[in-house]
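Peer 1: Right, I'll just put the structure down here and ask away after.
The values are calculated or read from the model by the stated rules, or taken from the named source; none is laboratory data. Just so you know, these numbers come straight off a predicted model, no measurement behind them. Positions of Cβ are backbone-derived with ideal geometry, glycine not excepted, and every protein chain shown enters the neighbour counts. What goes into the accessible areas is simple: the full protein's heavy atoms, side chains included, and nothing from ligands, DNA or RNA. Shrake-Rupley method; radii C 1.70, N 1.55, O 1.52, S 1.80 Å.
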Amino acid sequence: MKCEAMMMSVTEKEMIDLWKLKCGYTTPRRDCYLERDDDVELDELLVVQLRAWYAGLLLTAPPHLLPVEDVSTDCTVAVEGTGAAVVTLPERCVRPLAVRISGWESDATEFHSEGSAAHKRQSVEWLRGTLQHPVAIAGERELRLYPVPDGVRPTVLKARCVVRPKDGSYSFATSLLDTLPAEWNAAMT
């Protein structure tokens, strides 16, 4: 039995209203009018924290609770002299989940950091990734993929990533609403 997460997609304004409701910043009173307001706009203060909260979700929450897309058609590929295919990811890609280039027999689903032991092994022919067990090194909006198959001009067949929605909305599983901070943190603004 597979249980799918119930996803929601809301605008920034709707997200701020949800957060204000959770924090108790809204009032049910409708019997009075505000004549003057010289205070800082609360929404402007909250949006900074809201964006930080969402950025953190995209980086750390389980992928099945977030917007995931195959962005392979938006990627560019170049081959380095070191035997790596360098794939440039689109700006809205937050974190890669799986990648495959032409000639590989399986996806790379583990992403090592630059300078890691896995990255250093790629300079040694006998320790480098294989077509059956490729290696992906993740940099800033770039993936170095090993190996490049002989005689093949690599193309990206798959690039599944957690992404920021194109329209600027906030998209996530409803269960993540519980991770919204219950109070405003003045130190973050």
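Peer 1: Order these peptides, 120-126, 151-157, 139-145, by their mean beta-carbon neighbour count within 10 angstrom, highest first.
Peer 2: 139-145, 151-157, 120-126
Peer 1: Turning to a different aspect of this structure: Provide the gained length on full extension for the span E105 to L131, in nm with one decimal, where the gain is 0.36 nm per separating residue minus the Cα-Cα distance.
Peer 2: Gain on stretching E105 to L131: 8.8 nm.
Peer 1: Shifting gears a bit: Compute the distance in nm between two label points, each set 7 Å from the Cα along the Cα-to-Cβ direction, one at S123 and one at S171.
Peer 2: 4.1 nm
Peer 1: A further question follows. Just subtract the alpha-carbon distance of M7 and A52 from 0.36 nm times their residue separation and send over the number in nm, one decimal.
Peer 2: Separation in residues times 0.36 nm, less the Cα-Cα distance, equals 14.2 nm.
Peer 1: First select every other residue whose beta carbon is under 13 angstrom from the beta carbon of L57; then total the charges, Lys and Arg +1, Asp and Glu -1.
Peer 2: That works out to +2.
Peer 1: Jot down the per residue volume, in cubic angstrom and as a whole number, of the convex hull over the alpha-carbon atoms of the chain.
Peer 2: In the chain, the Cα hull volume divided by residue count equals 164 Å³.
Peer 1: Moving to a separate point now. Residues of the stretch 85-189: accessible area per residue at 1.4 Å, in Å²?
Peer 2: Computed with neighbouring chains in place, this is 54 Å² per residue.
Peer 1: With N residues in the stretch 32-135, what two-decimal value do you get for its Cα radius of gyration over 2.2 N^0.38 Å?
Peer 2: Dividing the Cα radius of gyration by 2.2 N^0.38 Å gives 1.66.
Peer 1: Tell me, what % of the accessible area of the chain is carbon and sulfur with a 1.4 angstrom probe?
Peer 2: Ligands and nucleic acids excluded, carbon and sulfur give 53 percent.
Peer 1: Next question. Give the cross-link partners of K120 among the lysines, using a straight C-alpha distance below 29 Å as the criterion and excluding same-chain residues fewer than 8 apart.
Peer 2: K158
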